[in-house]
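The values are calculated or read from the model by the stated rules, or taken from the named source; none is laboratory data. Everything quoted here is computed from the prediction, not taken from an experiment. A quick note on method: Cβ atoms are made from the backbone with ideal geometry, for glycine too, and the neighbour counts reach across all protein chains shown. These area figures cover heavy atoms from the full protein model, side chains too; ligands, DNA and RNA do not enter into them. Shrake-Rupley method; radii C 1.70, N 1.55, O 1.52, S 1.80 Å.
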Amino acid sequence: MTVVHDKLYIDGGWVDPATDRRIEAINATTEEPLGSVPEASEADVDRAVQAARRAFDDSGWSTLPAADRAAVINRFADAVEKRTEQLTRTVSLQNGMPISLAQAMEGGYGVALLRYYAALAAASERVERRPSPLGFDTLVQRNPVGVVGAIVPWNYPVVLAITKIGPALAAGCTIVIKPSPGTVLDGFVLAEAADEAGIPAGVINWVPGGRELGAYLVQHPGIDKVAFTGSTAAGRIIAENCGRLMRPVSLELGGKSAALILDDADLNKVTEGLFFASLANNGQTCMACTRILAPSNRYDEVVDAISAWMGNLKVGDPLDPSTEVGPLASSEHRDRVEGLIAKGRGEGARLALGGGRPAGINRGWYVEPTLFADVDNSSTIATQEIFGPVLSVIKYDSDDDAVKIANESDYGLGGTVWSSDPERAIAIADRVQTGTIGVNGYVVDLNAPFGGVKQSGLGREFGPEAISGYQQLKSIYLPG
Ligand code: NAD
């Protein structure tokens with residue numbers, strides 16, 4: 001059964017789109033149509049931004065007592081929770097995410113994140129009276145920045161939208177979200193939840209469309225802040241536009257993170273933990289540790305252990321709860337991943353596992369779990385984000401050498417250190433240039449800042465720190 005939507009969710013209601021252009025959603029596993037939605041046009045973005053502007057300037061939303069705003073966010077969380085099965089299935093069908101991961105990330109994690117920001121909103125004080133060493137007091141205000149233009153990618157479409165909605169609403173902002181054309185159906189489920197939760201009109205609006213529409217939203221005169229998650233290439237263009245407009249922007253971009261396997265690591269624990277750290281969502285994860293750094297004195301052992309583990313991963317239908325690796329999100333994306341695998345072979349890396357399409361699966365955009373060994377850290381597959389189930393093992397000689405290789409990257413988003421001595425691992429983690437890093441595992445903590453250094457981005461999401469990205473500080477001096 002295909003899902004067909006005819007209206008857009010703007011200004012607290014379902015409205016007719018300005019044009020009859022549509023976006024088709026395709027099933028990543030069967031390559032068959034899943035449904036379609038209206039493609040928003042510039043006129044729809046104008047309408048959405050105006051609604052968000054009105055809601056921010058005139059509706060009282062931005063000055064609502066924090067506890068009341070928290071209650072609205074909690075109602076939204078309840079309405080999203082009721083729809084987690086529908087949401088997780090919708091994501092899995094569109095982008096091939098294994099359903100077990102979808103349930104954890106696109107379902108449970110998203111709801112937990114909304115409740116977390118509701119609690120932070122309830123506990124927050126907008127104004128702090130701060131004594132000055134100069135002998136008077138100052139009122140320091142944390143005011144909502146205004147109307148947010150949020151742009152999200154297709155890999156974790158629900159949780160990445162919620163990552164912006166939660167802190168934006170907690171701060172008192174209103175928001176216009178542009179989902180990726182690669183995953184358009186889930187936004188409609190979230191909009192139904194917003195509608196049921198009675199989110200005030202104009203506070204959240206959805207405008208599905210492509211990069212041109214995103215560029216239009218970024219530069220729209222009614223937008224006060226841009227929150228972007230996506231590729232470094234797009235992030236750079238968005239940052240340039242925001243720089244010209246002097247518009248605040250946060251950027252969550254790509255990565256090429258390293259897993260530093262120290263010479264005392266327990267390889268059973270490594271392969272257990274690398275599943276999430278390196279291959280979550282079929283490798284379509286921004287912070288995936290795709291460069292595996294192996295000590296020269298255990299090099300063959302590491303390559304063999306990882307190859308054996310990856311060779312046993314269950315590749316199949318993402319809706320099957322036992323599936324570990326599903327298809328990639330689109331045929332164009334698979335072409336890109338296959339192109340990079342060919343490049344790896346051409347540049348002299350040794351193919352230790354995979355490299356092709358899985359045997360016995362005749363449809364769906366699958367790529368075999370693929371492992372390259374003897375990879376040069378300056379080669380294409382070690383420097384470019386592949387965004388598929390493809391890992392590269394790179395040899396190092398000493399801890400210093402491992403840190404140096406890890407840091408020889410344009411990116412700095414995730415990372416892991418594996419060792420049976422946690423103190424030693426923490427000391428190494430401290431030296432890796434990255435925004436986040438895990439010791440003997442990797443989990444994104446919703447209570448701690450997440451984001452990148454270098455070309456992986458600007459700003460932080462998650463944790464209380466995320467809210468400050470949606471606030472403007474203002475000081476009222478009281479010297480008189
Ligand atoms: P993408 O950059 O092609 O697109 C992301 C979103 O931006 C889409 O909605 C797209 O329509 C829009 N867009 C593209 N160009 C734009 C422009 N010039 N102006 C405005 N909007 C524009 O990325 P993708 O292929 O959808 O997603 C994968 C990328 O996202 C990977 O690089 C991945 O690492 C990154 N990502 C980062 C994080 C993080 O938290 N750092 C999380 C998930 C994904």
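Structure data summary
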item: Accessible surface of the range 91-144, 1.4 Å probe, proportion on carbon and sulfur as whole %; result: 58 percent
item: Charge dipole magnitude, Cβ of K and R +1, D and E -1 - the chain, Cα centre, debye nearest 20; result: 1040 debye
item: Options Gly435, Thr290, Ser420, ranked by Cα towards positive dipole end of the range 257-446, top entry (Cβ charges); result: Thr290
item: MRE, 222 nm, helices only [DSSP H, n ≥ 4, -39500 (n - 2.57), over the chain, to nearest 500]; result: -11500 deg cm²/dmol
item: Furthest towards positive pole of dipole, Val3, Ala55, Ala25, structure part the range 1-59, Cβ charges; result: Ala55
item: Difference of contour (0.36 nm per residue) and Cα-Cα distance, Arg345 to Asp264; result: 26.1 nm
item: Chymotrypsin sites (Phe, Trp or Tyr not before Pro) restricted to the range 110-201 and DSSP loop, no more than 15 other C-beta within 10 Å; result: Phe136
item: Alpha-carbon centroids, the range 201-227 and the range 333-380: separation in whole Å; result: 36 Å
item: Over the chain: Rg over Rh, Cα atoms, Kirkwood Rh; result: 0.99
item: Per DSSP, loop GluC sites (Glu not before Pro) in the range 307-364 with at most 12 further Cβ within 10 Å; result: none
item: Hz values of 3J(HN,Hα) by residue in the range 448-464 - Karplus curve (6.51, -1.76, 1.60), Gly and Pro given as x; result: 9, x, 10, x, x, 10, 6, 7, 8, x, 9, x, 9, 10, 6, x, x
item: Two-decimal ratio, the range 257-446, of alpha-carbon radius of gyration to 2.2 N^0.38 Å; result: 0.96
item: Sequence-separation-based contact order of the chain, relative, with Cα cut under 8 Å and 6+ spacing, percent; result: 18 percent
item: Descending semi-axes in whole angstrom, ellipsoid equivalent of the range 226-275, from the Cα gyration tensor; result: 38, 9, 8
item: Cα gyration tensor category, rounded, prolate or oblate, for the range 165-218 with a/c compared to 1.5; result: oblate
item: Solvent-accessible area, 1.4 Å probe, carbon plus sulfur percent, for the range 257-446; result: 46 percent
item: Residue-normalised accessible area of the chain, expressed per residue, 1.4 Å probe, Å²; result: 39 Å²
item: Dipole moment magnitude, nearest 20 debye, the range 257-446 about Cα centre, only Lys, Arg, Asp, Glu C-beta charged; result: 620 debye
item: Relative contact order of the range 257-446, pairs being alpha-carbon contacts under 8 Å that are 6 or more residues apart, as %; result: 29 percent
item: Cβ-based charge dipole, the range 361-408, positive-most Cα from Ile361, Phe387, Asn407; result: Ile361
